[in-house]
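J.: Would you mind keeping the following structure in view while I ask a few things?
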Amino acid sequence: MKPGRAGAAPRVVYFGFPVRSHAVPSLALIRKLVERGAAVDYYSTAAWTAPVESAGARFVAYEASCEIASNPQPAMSVGAYVNVIAALASELDTGLADAARGADVIIFDASACWGRAAANAAGAPAVAFATTFAFTRPMLQMMGVRDPEHLAMLVPAADLKIICTSREFQPAGHALEESYIFAGPLIEERPRAGEVVTKVSSRPLAYVSLGTLFNRNQDLLLKIAESLSAAGYEVVVALGRNNSACTAVWPPNVRAIPFVDQMSVLRLADLAVTHAGMASMSEIMACGVPAIAIPQAVDQFLVAKRAASLGAAVIVDSGSGIDAALGQIRENATRMRDAARSIAHSFSNATPIDEIADRVLAFATHSAGVAG
């Protein structure tokens, strides 16, 4: 254990962003900090009480409901996303500086800019935790973000930035300085749930999942399934909470399943069709599977573009582009598999989460020394 103030357990405050793809990876770090003797207060919404407490932290509820973050809209632009963050910050800023006062280290989700404001007010070392790419000003400006306030919200100012990917998969990752530490996607830390899928034919297997929000588009799912079935694939479609799609008439060689253990099916898959959310794309690449990406909102466009630029994915705008994408994949199957496996290899070379926890707690030791 690394002691904080006068030999006491170091106090860490974590300001979370209450969305599954953000919260789940953060708990891997929380568990490691607790194992090292840190006392962690984790701020989020009530739905995350049990997972946070299971990781060993003390759950603290945000005073605001944060419903706007938990219910994003399809086709949300980066500008609209920033507006969501700004609206949340206006609800949450009050009182958080007091909550953070006396902390040895403050960690905040890179989308939880109110956590950075609290760290600044409390005068504590700040650590940003990014579950997608590290946004830099040049990257955002290339994406059309120009407003200085928007840039300030999306580019985390912190003593240490923990990024949940590899330096190789991060756009221009090798140009980022040493305050950026790459943890990889932390896939082994994610809970596994859902049906374990097995192959039922000699056909190559294609897996289709458009995420927890975008799989509501039943017509799109059916169109994708029809194209894959006609192209000779055995198809597994993950429906999530799209209960109405369970009773739809699906094409031959297609199984539509509400909840799928994604890693189990990806280990068998020859192809994945994805919305290109960072968590899903990371699991696809970790299994060395080529992808067809249909990005629909915020960072998905950037994630899809990065996978495509490395040769592991083909991007389409909608289900109407699936047939053309399948033609590209047939022509380049070996190269695309090799590209996906190269990305998977980069994940395995990321900084271990134990080492990252030690670096975070080193700030607590330094903070205590300065205070003393």
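The values are calculated or read from the model by the stated rules, or taken from the named source; none is laboratory data. All values derive from a computational prediction rather than experimental measurement. A quick note on method: Cβ atoms are made from the backbone with ideal geometry, for glycine too, and the neighbour counts reach across all protein chains shown. The protein model used for the area step is the full one, side chains on, heavy atoms only, and it has no ligands, DNA or RNA in it. Shrake-Rupley method; radii C 1.70, N 1.55, O 1.52, S 1.80 Å.
J.: Using a probe of 1.4 angstrom, how much of the accessible area of the stretch 293-360 is carbon and sulfur, in percent? Write down the numbers at each step before the final one.
T.: Details: 1460 of 3140 Å².
Reported share for carbon and sulfur atoms: 46 percent.
J.: Probe of 1.4 angstrom, ligands and nucleic acids ignored: what's the accessible area per residue over the chain, in square angstrom?
T.: Here the residues of the chain average 41 Å² of exposed surface.
J.: Can you report the principal axis dimensions of the stretch 140-184 using only the alpha carbons, biggest first, rounded to whole angstrom?
T.: If we take the Cα atoms of the stretch 140-184, the spans are 29, 22, 16 Å.
J.: For Ala57, enumerate residues with amide H under 5 Å from its amide H, sequence gap 5+ or separate chain, H modeled in the peptide plane.
T.: Under 5 Å from the amide H of Ala57: no residue qualifies.
J.: About the Cα centre of the stretch 218-319, how large is the charge dipole given +1 on each Lys and Arg Cβ and -1 on each Asp and Glu Cβ? Please answer in debye to the nearest 20. Write out the running numbers ahead of the final one.
T.: Values: 6 positive and 8 negative charges, 20 e Å.
My answer is approximately 100 debye.
J.: Further question on the same structure: For the chain, with only Lys/Arg (+1) and Asp/Glu (-1) charged at the beta-carbon, what is the dipole magnitude about the Cα centre, in debye rounded to 20?
T.: Using Cβ point charges on Lys, Arg, Asp and Glu, the chain gives about 500 debye.
J.: Give me the percent of DSSP beta bridges within the chain that run antiparallel, rounded to the nearest 5. Write down the numbers at each step before the final one.
T.: Details: 0 of 43 bridges.
Antiparallel bridges make up about 0 percent of those DSSP assigns within the chain.
J.: Going toward the positive end of the dipole of the chain, with +1 on Lys and Arg Cβ and -1 on Asp and Glu Cβ, which of Ala112, Ala256, Pro295 do you reach last?
T.: With unit charges placed on the Cβ atoms, the residue in question is Ala256.
J.: Another question, if that's okay. What are the ³J(HN,Hα) values, in whole Hz, obtained from phi via the Karplus relation 6.51 cos²θ - 1.76 cosθ + 1.60 with θ = phi - 60°, for each residue of the stretch 274-291 in sequence order, with x given for Gly and Pro?
T.: Listing the rounded values in order: 9, 7, 6, x, 4, 5, 5, 5, 5, 5, 4, 5, 4, 8, x, 10, x, 10 Hz.
J.: Name the long-range amide H neighbours of Ala110: under 5 Å, sequence gap of 5 or more, or other chain; modelled H, no Pro or chain starts.
T.: HN-HN under 5 Å from Ala110: Phe129, Ala130, Thr131.
J.: Could you order peptides 46-55, 302-311 by the average number of other Cβ atoms within 10 Å of their residues, highest first?
T.: Ranked from most to least packed, the peptides come out as 302-311, 46-55.
J.: Oh, and also: Determine the gain in length on full extension of the stretch Glu63-Ala248; use 0.36 nm per residue of separation and subtract their C-alpha separation, reporting nm with one decimal.
T.: Between Glu63 and Ala248, full extension yields an extra 62.5 nm.
J.: What dipole magnitude, in Debye to the nearest 20, does the stretch 254-372 give about its Cα centre under +1 on Lys/Arg Cβ and -1 on Asp/Glu Cβ?
T.: 220
J.: Could you pull out every residue, at least 5 positions away or on a different chain, whose amide H is within less than 5 Å of the one on Ile315? Hs are placed 1.01 Å off N in the peptide plane, and Pro or chain starts have none.
T.: Counting only residues 5 or more places away or on other chains, the set is Ala293.
J.: Return the equivalent ellipsoid semi-axes of the chain as a descending list in whole Å, where each equals the square root of 5 times an eigenvalue of the C-alpha gyration tensor.
T.: Largest first, the chain gives 38, 20, 20 Å.
J.: Taking a threshold of 27 Å on the Cα-Cα distance, which of the pairs Lys161/Lys305; Lys32/Lys305; Lys223/Lys305 fall above it?
T.: Long pairs (Cα-Cα over 27 Å): Lys32/Lys305.
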